[in-house]
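The values are calculated or read from the model by the stated rules, or taken from the named source; none is laboratory data. Quick caveat, the model's predicted, so the values are computed rather than measured. All Cβ positions, glycine included, derive from the backbone under ideal geometry; neighbour counts span all protein chains shown.
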Amino acid sequence: MKHRFSFSVGISIVIVVLIFLPTGFEGALQFQDAEKCKVLVEEVDNSSLIDTGLIRTGQQICKVRFLTGRFEGQTSFGWNMLGGSLSQDKLFRPGDKAQAVVHHDEGEIISINLIDYYRLDGELVLAIAFALFLICFARGVGLRSVLSFVITLLVLWKILVPLFLKGYNSIFVGLVAVAIMTFVILLFVYGLDKRLLSSFFGSMSGIIFAMILSIICSKAFHIHGAVMANSEALLYSGFADLNLTQIFMASVFIGASGSVMDLSVDITSAVSEVVRNCPDISTKKAIKSGLAVARAAMGTMTTTLLLAYSGSCIAFLMTFMAQGTPVYNILNNNVVAAEIINTIAGSFGLAMTAPLTAFISGILLTNKDILQRLNTFYIKA
């Protein structure tokens, strides 16, 4: 218990450091010399809008009252530009809360741009509710789950994404980041014992296999990384030298890592429970027990990946069907092929993880000498 508490404190310190760690991309040009704040829309003027039925273009003028920032309590007029995009445009109504960027000079407002609806309060409430539910339901385990969730998010945002943007090898960076996150998360789950080693090596075997398969298939299918959403906009934003295809390859095994880790934990925990209840069980029988669990779990896990990736492109598939596109044309489409790589590479990673985790856990958990050495090391640490 003392070691778990010390570890949680250590991770909390790491989280604080990551929160304040600069990414090197702070202060975009459009936000320099400007203040971001929350405003309340009091009145709207839609007379300048051009309404074509489905979409609107033009400029919406809104009278707003500042709810935060140096101009809190003051009222002024802001502009909301509509460009005819349903996904990007928003039409404010009186009573809406908006996120605004205020350009000013020595306390005098120059312009107010209404960026989007203000959602941060609701997102914060949702995150707190999620954390409280985990902690109340699982107590110590729930707290560790929240910490692992936060540190995973911070590693992605503060380390992985900046290194990708700086042009480092995406596959290598992605693999190292996934390995670190996997080790930390499993350390939260098991502490420093043989179950950690079993699930970690099992997870990494599947992730590495998914990585290799994503590289091979992306080259064989001639998939360019531009199939990723918003990737072309990234190139036109001053990052023309980025290797998008390499980033796509990395995204495949990063996306599959969660399911792979889940499967390895299920198998390791099952074998551990069998060994705990039958201390004299042979290594061979422990491995057979792990393989039985692996076979049962693999079916649902591969379906989970399929549903996750299919759900993200359901509108794309609906468009194909609405246009009467033949199935062979759909399957040959580059975006669909990219999703097939995502699904199949991840599923192969799961298929590799299952038997290897069963073998590793069967060997490690029935070997008492390894357990004694690990416990001795953990106590000394």
- Message: It is to be established whether one or more residues within the range 202-216 are in the same structural domain as Ala337 (by TED's automatic domain parsing), free of Cβ contacts under 8 Å to residues at least 60 places away in the same chain and not in a helix (DSSP H, G or I).
- Response: no
- Item | Those residues of the range 223-239 which are outside any loop (DSSP other than H, G, I, E, B) and β-branched (Val, Ile, Thr), in sequence order | Val227
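Residue by residue through the range 160-169, note down the ones that are more than 13 Å from the chain's Cα centre (by Cα) and in a helix (DSSP H, G or I). Reasoning before the result, please.
The first filter runs over the range 160-169 and keeps only residues more than 13 Å from the chain's Cα centre (by Cα), leaving 162-169.
Residues satisfying the conditions are Pro162, Leu163, Phe164, Leu165.
Among the residues of the range 242-275 satisfying the criterion of being in contact with a helix residue (DSSP H, G or I) (Cβ under 6 Å, 6 or more places away or on another chain) and among the small types (Gly, Ala, Ser), which is farthest from Thr300 (Cα to Cα)? Working first, answer last.
Filtering the range 242-275 for residues in contact with a helix residue (DSSP H, G or I) (Cβ under 6 Å, 6 or more places away or on another chain) gives 244-250, 252-254, 256-257, 259-261, 263-268, 270-272, 274-275.
If we keep only those that are among the small types (Gly, Ala, Ser) too, we end up with 250, 256-257, 259, 264, 270, 272.
Values: Ala250: 24, Ala256: 14, Ser257: 16, Ser259: 10, Ser264: 14, Ala270: 17, Ser272: 22 Å.
By that ranking, first place goes to Ala250.
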- Message: I'm trying to understand the selection: among the residues of the range 45-80, which are buried (at least 17 other Cβ atoms within 10 Å of the Cβ) and either touching a Cys at 6+ places or on another chain (Cβ under 8 Å) or modelled with pLDDT under 90 (or both)?
- Response: Arg56, Phe66, Phe71, Gly78, Asn80
- Task: Please verify whether the range 187-198 includes one or more residues that are touching a residue at least 24 places away in the same chain (Cβ under 8 Å), assigned to a helix (DSSP H, G or I) and within 20 Å of Pro22 (Cβ to Cβ).
- Result: no
- Query: Yes or no: Ser312 surrounded by 18 or more Cβ atoms within 10 Å (Cβ to Cβ), under 22 Å from Asp262 (Cβ atoms) and either within 21 Å of the chain's Cα centre (by Cα) or assigned by TED's automatic domain parsing to the domain that holds Ser87 (or both)?
  - Reply: no
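What residue, of Leu147, Leu175, Leu154, Leu134, is more than 30 Å from Leu213 (Cα to Cα), outside the structural domain of Cys37 (by TED's automatic domain parsing), under 16 Å from the mean Cα position of the chain (by Cα) and surrounded by 14 or more Cβ atoms within 10 Å (Cβ to Cβ)?
Working: Leu175 fails: more than 30 Å from Leu213 (Cα to Cα); Leu154 fails: more than 30 Å from Leu213 (Cα to Cα); Leu134 fails: under 16 Å from the mean Cα position of the chain (by Cα).
Matching residue, one of Leu147, Leu175, Leu154, Leu134: Leu147.
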- Test result for Gln246, modelled with pLDDT of 90 or more, surrounded by 18 or more Cβ atoms within 10 Å (Cβ to Cβ) and assigned by TED's automatic domain parsing to the domain that holds Ile185: yes
- Leading residue by the ranking (modelled with the highest pLDDT) among those in the range 22-44 that are surrounded by fewer than 13 Cβ atoms within 10 Å (Cβ to Cβ) and part of a loop (DSSP other than H, G, I, E, B): Pro22
